[in-house]
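Take a look at the structure below.
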Amino acid sequence: MKHDKKVKYFVCRYIKVKYIINLLLYERLLRKNKIVICFFQPNKLATLLEKFGKTGDSFVLHLNYDISQMRNEDGVPLLKASACEDLYGVINKIQVEDSLKYLNDKLSTIKRDLALYIRQRIAFDIYHDLLLANVAHWLATNKESELYDKSPILIIEKRNYWICLVLDYLKRKNVQYKIFHAVDFKKNNGILFFYYAVKICIELIRAIAVIPKKKETLGDAKIGIPFYAFQNFTKYHDLKNYYLFWFKKSGIDPEKILIYIPERETNISDEEINNIKKAKFNIVFCPTRITRKRKCDVPIHRCSLKTSSLLIQYLVQIIKIYKHCKNTSMKEQWKIMTLLLVQLPYWDDFFQSNNIKVKFRFHDIFSIRDIAAKLSGAVVISYHYSNHSDARIVRDEVSDVFFIWGKKYRNCLSIAHSTTRNLIITGYIFDYTFDRLKSRAQLIKDSFNNKVVYLIEVLSENLGFYLAKTQMKCYESVLGYAVNNSDVGLIIKPKKENDELRLKTADETKDFVDILIKQNRIKFLSSAKYPVEAGLASNIVIGMIPDSTAALECALAGVPTVIYDCTNSGDSHHLYISGHNKIIFNNMAQLLNMINSDKENPGSISGFADWSPILMDIDPFRDGKANIRIGFYIKTLICKLGDGLTKDDVIKTANETYANEFGWDKVIFPFD
């Protein structure tokens, strides 16, 4: 009697050789099961296997689904649920407090910051696996899926201990999984600890070997600005200045600004270094590599001998915490802490020896340097520069002061995890550019074919894995509409430079783009430019996601703006409450019909592309002076820090001064 082979479906993001070898050996040959490896993201190996499979039974299957359109049982998009509620739910199961019971007095002052640091590191490690877990559950339970009721098995790579949180989650979801062990030496805590320990010892040897200069005073209190990736500290209107947009009208002495370069992954250009020096800002290189490669003419920070005593303190703390580790979870948390503590001496000394009293950071994700700055007594400041509408563990904050645009954003930091105690409402940070960019907008408008009378700006997000399909469909529709209407021109503002190349080469869009280029009816704006530059030239702007910062920028500038929702958020996003089919759409045909009606008869559709009913909560000022308000607050801080007040008293004084000038409703204390 012939035995029917059981078919097993294995799901992964993309195929790897080790998956094939293992599954063919253990499932196909030993257990006599037929296997099908299902993947989302094609690669060269998948393409080869698909061609091979055409001659017989294929054992690979491309899951050509749009993950952005998948929803969970509550109707929430998987992308949002995985990053918000589900990730919080998993992370909250970690008992961090037990690992922090034995901190010394100094570290105890930032115990909640350290707890968030541990939880956030773990969240970064497991987020993508948690998303795939939700996708696997959707595939198994949704009737639209090819794998519905076929018990698909999710391939999980065990890179570290914390994958156990995802495995427990899969068990609760009744999703089967198969574990593959993986080793990433670049992220191995033991190797990294050894590296940083050697580095700090070498820095100390260099500090001892060099004859110390005559002791000098620390000088005026400084504002520390870390370089991240964007090459612009000194221009304020042409290109986005994420670092010092508030400086120009602040009245702060440029010599109080210290720009430091802390990351080995990013490299500042020679041109930008020259611009920084011309502006009379200070600049210093903080080497993260033992080799200490640097740009010429930029001084290297040399740690002081005080670093040795700090190192001893933190090494003692590492040993003390380890002695009290009672289980595997605590030991794994200890590994995260050791990697933090071994780097703190360098940065703690850096902030103290350079007399940095205010640390200003623009990036969403806080780092070891923020913790070191707080330990050194500096006021840590950050601000939200993206239009977030929800709280996420990966964005929770430790800054002392956090600038927000309006009261809508007060809930974007979790009270349960974030330690920020002062939220300051300032208005939209780049609104000072609106008036200055109108002349540039006119130049863009004049550059089109003179038959073009209606301009549409399209603002894409990153055309990467998760939102690529929906965005490309949107582009295909808008480009097709433009081709069929000779009086329509398009301005494309990509988020990434390579998105332009993709639109020019993708099968679904390249022919449309070629036609529009030949007819001079399409322009691509540099990703480094302000979206409003092209928005002010346009009759209407189309954003791709509900939280599009670029689209909101245009709406705040008074440009008619709509959102085509590529995330399929539905009622889970607040814009749908009052703005569905007015400012946010999930039907492209309907959106294009309304755009066409607006083109033929402007203003004929009540409420269409009109954000005015909701702008008060987003930005209560809308006066082009948000940068001035932030500069005012920072100047108050830096002046009062020189008066010998405590850090808490300085922040209290700055809050009172700001509130007296702009209103007490603009200062929020989230823990009160």
Exercise. Looking at this structure, is Glu461 crowded, with 19+ Cβ neighbours inside 10 Å and either among the polar types (S, T, N, Q) or closer than 26 Å to Pro42 by Cα (or both)?
Worked result: yes
For this session: Please tell me if Asp446 is open to solvent by 10 Å² or more (accessible area, probe 1.4 Å) and either small (Gly, Ala, Ser) or closer than 19 Å to Ser526 by Cα (or both).
Result: yes
Exercise. When residues of the stretch 514-545 are filtered for being open to solvent by less than 10 Å² (accessible area, probe 1.4 Å), of a type outside the set (D, E, K, R) and within 15 Å of Ile444 (Cα to Cα), how many remain?
Worked result: 8
Exercise. Is there a residue being aromatic (Phe, Trp, Tyr), part of a helix (DSSP H, G or I) and either over 16 Å from Ile456 (Cα atoms) or touching an Asp or Glu at 6+ places or on another chain (Cβ under 8 Å) (or both) anywhere in the stretch 508-515?
Worked result: yes
Seminar exercise, completed: Of the residues in the stretch 319-341, those that are more than 26 Å from the chain's Cα centre (by Cα), buried (at least 16 other Cβ atoms within 10 Å of the Cβ) and β-branched (Val, Ile, Thr) come to Ile321
Exercise. Residues Leu536, Leu516: which one is more than 16 Å from Val559 (Cα to Cα) and in contact (Cβ under 8 Å) with a residue 12 or more places away in the chain?
Worked result: Leu516
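Pick from Lys93, Lys51, Lys150, Lys106: which is surrounded by fewer than 18 Cβ atoms within 10 Å (Cβ to Cβ), touching a Phe, Trp or Tyr at 6+ places or on another chain (Cβ under 6 Å) and either in a helix (DSSP H, G or I) or modelled with pLDDT of 90 or more (or both)?
Lys150
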Exercise. What are the residues in the stretch 464-479 that are open to solvent by 10 Å² or more (accessible area, probe 1.4 Å) and more than 16 Å from Ser548 (Cα to Cα), if any?
Worked result: Phe465, Lys469, Lys473, Glu476, Ser477
Exercise. Here is a list of conditions, (1) within 19 Å of the chain's Cα centre (by Cα); (2) open to solvent by 10 Å² or more (accessible area, probe 1.4 Å), and Leu116 meets all of them except one; can you say which number that is?
Worked result: (2)
Exercise. Within the stretch 521-536, which residues are part of a loop (DSSP other than H, G, I, E, B), in contact with a strand residue (DSSP E or B) (Cβ under 8 Å, 6 or more places away or on another chain) and not hydroxyl-bearing (Ser, Thr, Tyr)?
Worked result: Arg521, Leu525, Lys529
For this session: Collect the residues in the stretch 345-373 that are within 27 Å of Tyr428 (Cα to Cα) and either open to solvent by 20 Å² or more (accessible area, probe 1.4 Å) or without any contact (Cβ under 8 Å) to a residue 12 or more places away in the chain (or both), keeping them in residue-number order.
Result: Lys357, His363, Asp364, Ile365, Ser367, Arg369
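Inside the stretch 386-422, can you point out the residues that are within 18 Å of Thr567 (Cβ to Cβ) and either assigned to a loop (DSSP other than H, G, I, E, B) or open to solvent by 20 Å² or more (accessible area, probe 1.4 Å) (or both)?
Within the stretch 386-422, Ser386, Asn387, His388, Ser389, Asp390, Ala391, Arg392, Val394, Arg395 qualify.
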Problem set entry | Identity of the residue in the stretch 599-651, among the hydroxyl-bearing types (Ser, Thr, Tyr) and under 30 Å from the mean Cα position of the chain (by Cα), that ends up least open to solvent (accessible area, probe 1.4 Å) | Tyr633
For this session: Taking the options Lys293, Lys235, name whichever one is modelled with pLDDT of 90 or more and either open to solvent by 30 Å² or more (accessible area, probe 1.4 Å) or aliphatic (A, V, I, L, M) (or both).
Result: Lys235
Exercise. Would it be correct to say that Tyr481 is modelled with pLDDT of 95 or more, of a type in the set (Ser, Thr, Tyr) and in contact with a Gly (Cβ under 7 Å, 6 or more places away or on another chain)?
Worked result: no
Exercise. Which of the following residues is aromatic (Phe, Trp, Tyr) and either under 25 Å from the mean Cα position of the chain (by Cα) or within 14 Å of Trp611 (Cβ to Cβ) (or both): Phe512, Phe524?
Worked result: Phe524
Exercise. Applying the selection to the stretch 546-597, what residues are open to solvent by less than 30 Å² (accessible area, probe 1.4 Å) and of a type in the set (D, E, K, R)?
Worked result: Glu553, Asp565
Exercise. Consider Glu73 against the criteria (1) surrounded by fewer than 18 Cβ atoms within 10 Å (Cβ to Cβ); (2) of a type in the set (D, E, K, R); (3) in a helix (DSSP H, G or I): it satisfies all of them except one. Which criterion is unmet?
Worked result: (3)
Exercise. Could you say whether any residue in the stretch 121-134 is among the polar types (S, T, N, Q), open to solvent by less than 30 Å² (accessible area, probe 1.4 Å), farther than 24 Å from Lys331 by Cβ and touching a residue at least 60 places away in the same chain (Cβ under 8 Å)?
Worked result: yes
For this session: Scan the stretch 489-502 and give yes if some residue there is surrounded by fewer than 21 Cβ atoms within 10 Å (Cβ to Cβ), part of a loop (DSSP other than H, G, I, E, B) and touching a helix residue (DSSP H, G or I) at 6+ places or on another chain (Cβ under 7 Å), otherwise no.
Result: no
Exercise. Pick from Ile542, Ile595: which is farther than 28 Å from Val76 by Cβ, of a type in the set (A, V, I, L, M, F, W, C) and either assigned to a strand (DSSP E or B) or out of contact with any Lys or Arg (no Cβ under 9 Å at 6 or more places or on another chain) (or both)?
Worked result: Ile595
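The values are calculated or read from the model by the stated rules, or taken from the named source; none is laboratory data. Just so it is clear, the model here is predicted, and its values are computed rather than measured. All Cβ positions, even for glycine, are placed from backbone atoms using ideal geometry, and neighbour counts span all protein chains on display. Keep in mind that these areas ignore ligands, DNA and RNA; they rest on the heavy atoms of the full protein, side chains included. Shrake-Rupley method; radii C 1.70, N 1.55, O 1.52, S 1.80 Å.
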